[in-house]
Amino acid sequence: MLKTMQKHGVTLALFAILATGLTAVVNALTKDTIEQQAAAQQKLLFDQVISSDSYDNNIQGSCVVVNDSPLGKGERHIYVARKSEQPVAVVMETTAPDGYSGAIQLLVAADFNGKVLGSRVTEHHETPGLGDKIETRLSDWITHFAGKTIQGNDDSSWAVKKDGGQFDQFTGATITPRAVVNAIKRAGLFAKTLPSQVDNLPACGAQP
């Protein structure tokens, strides 16, 4: 009986080692492919918020980090668009913390004069049929920010129409669009402060 149990134990141990080894091999073989696919998906998203004609650098490779900024708590990535080596715009990861069902993650592109170039929602948990109209597959609402300029923090036009602003709210759902409008406004205003500091910000993945 003891020998049988020992035999089964050895068999299970060998199986576990083999499975672990196979997993490691598969991960090694597919790592580059997964990274390439992720980069391609990111580029497609970037192309939706900023025209590729407006910059000539590798924007995905020009990533810097800010912490606890108007973009949200914790670390946020900023991708710097350059023309002839000069910064001309940024694509920013930002958060609307006050969505109806929690935080809404966005990607916002803006130049340094307060002009929003484009925006997209990348993650949310808003109510289906109401707040989820922030998705492009359901509505073009999120595309209406492109080309609009924020004059300053007191620019009252940067609000939903219910609050006296220029942007539509959704029938039965005002909290969600209000949160998104405010987050994009904060990101656009933050972009105006970046020219003086963008070259001094730590690169993504850099050791502290």
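The values are calculated or read from the model by the stated rules, or taken from the named source; none is laboratory data. Quantities reported herein were computed from a predicted structural model and do not represent experimental measurements. Ideal geometry is used to build each Cβ from the backbone, glycine not excepted, and the neighbour counts take in all protein chains shown. Calculation scope for accessible area: heavy atoms of the full protein, side chains included, ligands and nucleic acids excluded. Shrake-Rupley method; radii C 1.70, N 1.55, O 1.52, S 1.80 Å.
Please give the strands (runs of 3 or more DSSP E) falling wholly within segment 61-102 in which 1 or more residues are of a type in the set (S, T, N, Q) and more than 20 Å from Leu117 (Cα to Cα).
63-69
Pick from segment 117-156 the residues that are over 15 Å from Ala179 (Cβ atoms) and acidic (Asp, Glu): which of them is surrounded by the fewest Cβ atoms within 10 Å (Cβ to Cβ)?
Among those residues, the one meeting the criterion is Asp154.
Is at least one residue of segment 175-192 surrounded by fewer than 17 Cβ atoms within 10 Å (Cβ to Cβ) and more than 16 Å from Val116 (Cα to Cα)?
No, that holds for no residue.
Among (1) assigned by the TED database to the domain that holds Leu189; (2) of a type in the set (A, V, I, L, M, F, W, C); (3) modelled with pLDDT under 95, there is one condition Val88 misses while meeting the rest; what is its number?
Val88 satisfies all of (1) assigned by the TED database to the domain that holds Leu189; (2) of a type in the set (A, V, I, L, M, F, W, C); (3) modelled with pLDDT under 95 except (3).
Could you check Pro70 against (1) out of contact with any Asp or Glu (no Cβ under 9 Å at 6 or more places or on another chain); (2) farther than 22 Å from Thr176 by Cβ and say which number it fails?
(2)
What single numbered condition from (1) more than 25 Å from Cys204 (Cα to Cα); (2) touching a strand residue (DSSP E or B) at 6+ places or on another chain (Cβ under 6 Å); (3) touching a residue at least 40 places away in the same chain (Cβ under 8 Å); (4) not basic (Lys, Arg) fails to hold for Asp98?
(2)
Which one is nearest to the chain's Cα centre (by Cα) among residues in segment 81-95 that are free of Cβ contacts under 8 Å to residues at least 60 places away in the same chain and open to solvent by 20 Å² or more (accessible area, probe 1.4 Å)?
Glu93
Mind counting the residues in segment 157-174 that are among the hydroxyl-bearing types (Ser, Thr, Tyr) and open to solvent by 50 Å² or more (accessible area, probe 1.4 Å)?
Counting residues in segment 157-174 that are among the hydroxyl-bearing types (Ser, Thr, Tyr) and open to solvent by 50 Å² or more (accessible area, probe 1.4 Å) gives 1.
Residue check, Asp199 against (1) surrounded by 15 or more Cβ atoms within 10 Å (Cβ to Cβ); (2) more than 19 Å from the chain's Cα centre (by Cα); (3) not in a loop (DSSP other than H, G, I, E, B), all met but one. Which one?
(1)
Which of the residues belonging to segment 110-145 are farther than 17 Å from Gln169 by Cα, of a type in the set (Gly, Ala, Ser) and out of contact with any Phe, Trp or Tyr (no Cβ under 8 Å at 6 or more places or on another chain)?
Hits for segment 110-145 are Ala110, Gly114.
Closer than 26 Å to Thr136 by Cα, open to solvent by less than 80 Å² (accessible area, probe 1.4 Å), at pLDDT 95 or above and touching a Leu at 6+ places or on another chain (Cβ under 9 Å): is that true of Ile78 in this structure? Full working, then the answer.
Numbers: closer than 26 Å to Thr136 by Cα: yes; open to solvent by less than 80 Å² (accessible area, probe 1.4 Å): yes; at pLDDT 95 or above: yes; touching a Leu at 6+ places or on another chain (Cβ under 9 Å): yes.
Yes.
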